[in-house]
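Shown next, in structure tokens, is the structure this report addresses.
What follows is calculated from the coordinates using simple rules that are stated; it is not laboratory data. Predicted model, so just to flag it, every value in this text is computed and none were measured. Counting neighbours? That spans all protein chains shown, and the Cβs are built from the backbone with ideal geometry, glycine included.
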Amino acid sequence: MTLLPTKFGIYGGQFVPETLMPALIELEREFVSAHNDPAFNAEFDKLMASFVGRPTPLTYAKRLSEKLGGAQIYLKREDLAHTGAHKINNALGQALLVKRMGKRRIVAETGAGQHGVASATVAALLGLECVVYMGVVDIARQEPNVFRMKLLGAEVRPVTSGTQTLKDAINEAIRDWVTNVGDTHYLLGSALGPHPYPTIVREFQSMIGREAREQMLRDVGRLPDTVIACVGGGSNAIGVFSGFVNDEGVELIGVEAGGSGIASGKHAARFGDPSKGRVGVIHGTRTYVLQDEDGQIAETHSISAGLDYAAVGPEHAMLCDNERAFYTSATDAEALNAFQVLCHTEGIIPALESSHAVAEVIKRAPTMRKDQVILVNLSGRGDKDLNTVIKEIGELETRDLETRD
Ligand SMILES: *Cc1c(COP(=O)(O)O)cnc(C)c1O
């Protein structure tokens with residue numbers, strides 16, 4: 001059986017210890033066979049409809065479009081998927097593969113807890129054992145999601161190494177996988193890691209783009225001029241981009257976390273900061289990585305945990321180099337403003353990650369004509385972010401009051 005390309009141009013590949021190669025090869029074979037198996041696809045589609053709630057709607061953002069006075073804005077509503085974000089699409093796809101491989105246990109990593117919740121959810125649905133690795137720093141700041149995972153029957157293992165955040169949790173999950181590879185699958189949460197993960201995750205997220213393309217043609221009668229998505233590891237973006245990448249006239253825009261601003265050094269803009277974002281190898285793949293002069297992984301910052309990662313999926317690195325997609329960033333403050341604008345104009349509370357994409361819409365729509373169309377992927381809902389937002393806005397309001405006095 002010929003398998004999938006292992007690289008995206010010079011990016012991607014399999015930079016892993018030899019002990020993992022059999023597992024990666026098995027995963028690739030199983031994925032290719034499942035992908036070509038109508039019964040697998042039928043089961044996946046059925047659960048997508050009956051459990052996840054797909055297709056998610058396409059919503060015309062009428063008041064936001066009017067307020068910005070330029071392009072017409074449409075939202076792809078991944079916030080309405082079960083568990084509140086696009087992550088469930090990939091988690092459920094991989095969990096069905098686990099069943100097919102005859103394994104009984106999944107390990108996952110999580111930063112904000114969203115991928116951990118999605119993994120715990122599908123493990124409960126399909127009767128799999130689930131262990132989620134999470135840095136102790138993240139456990140402290142994401143308490144409700146830790147409780148959710150436990151309610152769903154997962155074991156949350158605190159990670160105390162390194163910076164005690166996502167990248168260390170990934171290291172621990174990989175370590176567990178190497179040790180228990182006979183009965184365990186590593187359920188990777190974004191379009192990252194060694195081949196075949198970036199391809200598998202893209203395919204399990206590709207219904208976002210497929211549905212959105214059909215919905216645009218059906219409801220609007222045309223394709224969008226511009227598609228905008230936020231980019232953490234890059235799974236929601238690659239999912240929506242994949243529906244339009246062959247439509248040459250459609251511009252693809254990825255939005256990274258600008259944090260406190262590129263100049264501050266406190267951000268996660270892998271493409272946006274040439275002084276730190278360079279080609280390197282991390283977690284099994286070659287891609288753009290934020291690093292210091294010695295090639296050590298740089299510390300990152302973002303108001304949204306889901307975008308706060310030093311590397312980006314290898315397919316995005318290729319799309320950036322060959323200029324099929326363009327990458328920009330939004331700062332914490334811009335994302336927070338966009339969050340509130342969408343709440344007020346559309347009655348939708350977006351995730352802080354998704355708010356980065358909305359921030360780019362706010363910059364771009366007014367420069368476009370009224371007969372032009374923007375599609376923005378609303379990757380998740382903001383309920384998980386309320387504590388962060390209340391703290392930040394609370395401070396803003398206090399500051400406002402102080403200035404007024
Ligand atoms: C995890 C997450 C992201 C970032 O991950 P990608 O793989 O880049 O999509 C974006 N939005 C939401 C709501 C998330 O939970």
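Close amide H partners of Val159, meaning residues 5 or more places away or on another chain with modelled amide H under 5 Å apart, are Met134, Gly135, Val136. Between the helical axis of 352-364 and the dominant principal axis of the chain, each derived from Cα atoms, what acute angle in degrees is found, rounded to the nearest 10? Taking the Cα atoms of the chain, the angle to 352-364 is about 40 degrees. What the phi angles of the range 60-69 give under the Karplus curve with 6.51, -1.76 and 1.60, with θ = phi - 60°, is a coupling list of 7, 8, 5, 5, 5, 4, 5, 4, 7, x Hz, glycine and proline written as x. For the chain, averaging the sequence separation of C-alpha pairs within contact (under 8 Å, six or more residues apart) and dividing by the residue count gives a relative contact order of 20 percent. Net length available on complete extension from Ser33 to Glu143 is 35.7 nm, with 0.36 nm assigned per residue and the Cα-Cα distance removed.
Of the beta bridges in the chain, as assigned by DSSP with both residues counted there, near 35 percent are antiparallel.
Under conditions of 20 °C and 1.002 mPa s, the chain yields 101 µm² s⁻¹ as its translational diffusion coefficient, taking Rh as the Kirkwood radius over Cα pairs in the Stokes-Einstein equation.
Protection proxy ranking of 163-172, 349-358, by the mean of other Cβ atoms within 10 Å over each peptide's residues and highest first, is 349-358, 163-172. Note on Arg175/Lys363: beta-carbon distance plugged into 1/(1 + (r/R0)^6) with R0 of 35 Å gives a FRET efficiency of 0.25. Of the peptides 133-143, 280-290, 189-199, the order by per-residue mean of other Cβ atoms within 10 Å, starting with the highest, comes out as 189-199, 280-290, 133-143.
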